[in-house]
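Below is one structure, written out as structure tokens, with a few remarks after it.
The values are calculated or read from the model by the stated rules, or taken from the named source; none is laboratory data. Keep in mind it's a predicted model, so treat the numbers as computed, not measured. Cβ sites come from the backbone with ideal geometry, for glycine too, and all protein chains shown count toward neighbours.
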Amino acid sequence: MPLHSEFLVLNAKMGAFGQWEVPLYFTSILDEHEAVRTRSGLFDISHMGEFKVRGRGALAFLQKLLPRDLSRMENGQALYMPMLDENGGVIDDVIVYRSGPQEYFLIVNAGNVDKDSAWVSSHVTEDVHFENLSEHYGLLAFQGPEAALIIERLFGSQYAALRYYRFAPFRDGFISRTGYTGEDGFEICVAKSDVPKLWQDIRAAGQTAPIGFGARDTLRLEAGMLLCGHDMNEDTTPLEAGISWALDLSKPDFIGLAALRKQQSEGVKRKMAGFILKERGIPREGYGIQKNGRIIGKVTSGAPSPTLKENIGLGYIEAAEAVLGSEIEIIIRGRSFKAIITTLPFYKRKKHSS
């Protein structure tokens, strides 16, 4: 991580995340969560992976590899989607960026870089050039209601004017209007050697708070954003995970399509659901979910919500029992705690007219 020494100077509480030592928090999870919701916060996510796919066969290759219709993408547009195996299971979730008709950029999850690289490479055709550039690029996420003003002040109005899921070239990378917090914000991809100064410049421009992985998790959970490897994996499909909006099942072919069409026709047996506890208790990954004394599912993510001041969670529940407003119980250390199934996301920012 290019900012490791900076984090030590800031006295961050460090912890392990896969093969990386990362900041869990700098002041506290609560303070950092509030900073992103009300002002701005800066995250180092340089552990993420970056792939480039180019060549005259790039579009046809990605159309087969991925489940959304990339033929309708414009230059400078990004799309979120899962990457699936033949059974429709989620290998990873990725963002695809179209730089041109023969050039695409993919950002993948940190813990999946090697696996994803091997998977993509195994499907490459002779008219496609694939590069794993994860060692070259670093990535900062700059999120919060003040982020756009600071981006404009530092780098120009063309970046502040970007629409959601659009991007523009920046140095040897790009700035995109994307994020994983539920707030307005940007993700900035540059060479790893450029990350330390970029970090310092952004922090100095708006007295922006550094944000650790603890608040990153509570922010994304409130926003109902799934964490790959926890809320979805090869054993779950996008139909079960509630992200069918990130599929184009009308496409003639892609890896996993036949399995998804079969599951769609038969109906899913379980569904991802959000819930709010009505008694004091914190849901954690792996805790059982029951109803009328019968186990009906399992928690995949859970935490106290700093914004809602309630304990919230996500989990897979038998499809017949995943009814909005219905009461369930979360099993915490052998005791049952009442919870209510609720709509997702738990939190949605207010959009102000410009």
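Could you tell me which of the residues Leu62, Leu79 is assigned to a helix (DSSP H, G or I), touching a strand residue (DSSP E or B) at 6+ places or on another chain (Cβ under 7 Å), modelled with pLDDT of 95 or more and outside the structural domain of Gly206 (by TED's automatic domain parsing)? Please lay out each step first, then the result.
Details: Leu79 fails: assigned to a helix (DSSP H, G or I).
The unique qualifying residue is Leu62.
Return the total of residues in the range 56-86 being surrounded by fewer than 20 Cβ atoms within 10 Å (Cβ to Cβ) and over 17 Å from Lys251 (Cα atoms).
Number of matching residues: 6.
So how many residues does the range 267-308 have that are under 23 Å from the mean Cα position of the chain (by Cα) and either touching a residue at least 40 places away in the same chain (Cβ under 8 Å) or surrounded by fewer than 17 Cβ atoms within 10 Å (Cβ to Cβ) (or both)?
23
Return the residues of the range 1-53 that are aromatic (Phe, Trp, Tyr) and over 17 Å from the mean Cα position of the chain (by Cα); say none if nothing qualifies. Walk me through how you get there before you give the answer.
Kept after step one, since they are aromatic (Phe, Trp, Tyr), are these residues of the range 1-53: 7, 17, 20, 25-26, 43, 51.
Selection gives Phe7, Trp20, Tyr25, Phe26.
Evaluate the following for Pro283: is it of a type outside the set (A, V, I, L, M), out of contact with any Cys (no Cβ under 6 Å at 6 or more places or on another chain), in a loop (DSSP other than H, G, I, E, B) and closer than 30 Å to Ser40 by Cβ? Working first, answer last.
Numbers: of a type outside the set (A, V, I, L, M): yes; out of contact with any Cys (no Cβ under 6 Å at 6 or more places or on another chain): yes; in a loop (DSSP other than H, G, I, E, B): yes; closer than 30 Å to Ser40 by Cβ: yes.
Against the criterion (of a type outside the set (A, V, I, L, M), out of contact with any Cys (no Cβ under 6 Å at 6 or more places or on another chain), in a loop (DSSP other than H, G, I, E, B) and closer than 30 Å to Ser40 by Cβ), Pro283 qualifies.
Quickly run through the range 121-158 and pick out the residues that are aliphatic (A, V, I, L, M) and either within 25 Å of the chain's Cα centre (by Cα) or on the phi > 0 side of the Ramachandran plot (or both).
Selection gives Leu133, Leu139, Leu140, Ala141, Ala147, Ala148, Leu149, Ile150, Ile151.
For the range 168-181, what are the residues that are closer than 22 Å to Lys350 by Cβ and in contact with a helix residue (DSSP H, G or I) (Cβ under 6 Å, 6 or more places away or on another chain)?
Those that are closer than 22 Å to Lys350 by Cβ and in contact with a helix residue (DSSP H, G or I) (Cβ under 6 Å, 6 or more places away or on another chain): Tyr180, Thr181.
Here are the criteria: (1) more than 21 Å from Ser176 (Cβ to Cβ); (2) under 18 Å from the mean Cα position of the chain (by Cα). Tell me which single one Asp92 does not satisfy.
(1)
For the range 207-226, name all the residues that are in a helix (DSSP H, G or I) and touching an Asp or Glu at 6+ places or on another chain (Cβ under 8 Å).
Once the filter is applied, which keeps residues that are in a helix (DSSP H, G or I) and touching an Asp or Glu at 6+ places or on another chain (Cβ under 8 Å), the range 207-226 yields Gly214, Ala215, Leu219.
Does Arg349 count as within 22 Å of the chain's Cα centre (by Cα), at pLDDT below 95, surrounded by 13 or more Cβ atoms within 10 Å (Cβ to Cβ) and not in a strand (DSSP E or B)?
yes
Considering only the range 97-125, how many residues are over 27 Å from Ala168 (Cβ atoms) and either free of Cβ contacts under 8 Å to residues at least 12 places away in the same chain or among the aromatic types (Phe, Trp, Tyr) (or both)?
Residues flagged as over 27 Å from Ala168 (Cβ atoms) and either free of Cβ contacts under 8 Å to residues at least 12 places away in the same chain or among the aromatic types (Phe, Trp, Tyr) (or both) within the range 97-125 amount to 5.
With (1) outside any loop (DSSP other than H, G, I, E, B); (2) surrounded by 14 or more Cβ atoms within 10 Å (Cβ to Cβ) as the list, and Ile255 as the residue in question, which single condition is left unmet?
Unmet condition: (1).
Would you confirm whether any residue within the range 184-195 is over 16 Å from Asp44 (Cβ atoms) and either surrounded by 13 or more Cβ atoms within 10 Å (Cβ to Cβ) or among the charged types (D, E, K, R) (or both)?
Checked against the condition, which is being over 16 Å from Asp44 (Cβ atoms) and either surrounded by 13 or more Cβ atoms within 10 Å (Cβ to Cβ) or among the charged types (D, E, K, R) (or both), the range 184-195 yields at least one hit.
More than 21 Å from the chain's Cα centre (by Cα) and without any contact (Cβ under 8 Å) to a residue 60 or more places away in the chain - does that describe any residue in the range 207-224?
Checked against the condition, which is being more than 21 Å from the chain's Cα centre (by Cα) and without any contact (Cβ under 8 Å) to a residue 60 or more places away in the chain, the range 207-224 yields at least one hit.
Please go through the range 173-206 and pick out each residue that is among the aromatic types (Phe, Trp, Tyr) and assigned to a loop (DSSP other than H, G, I, E, B).
Across the range 173-206, the qualifying residue is only Tyr180.
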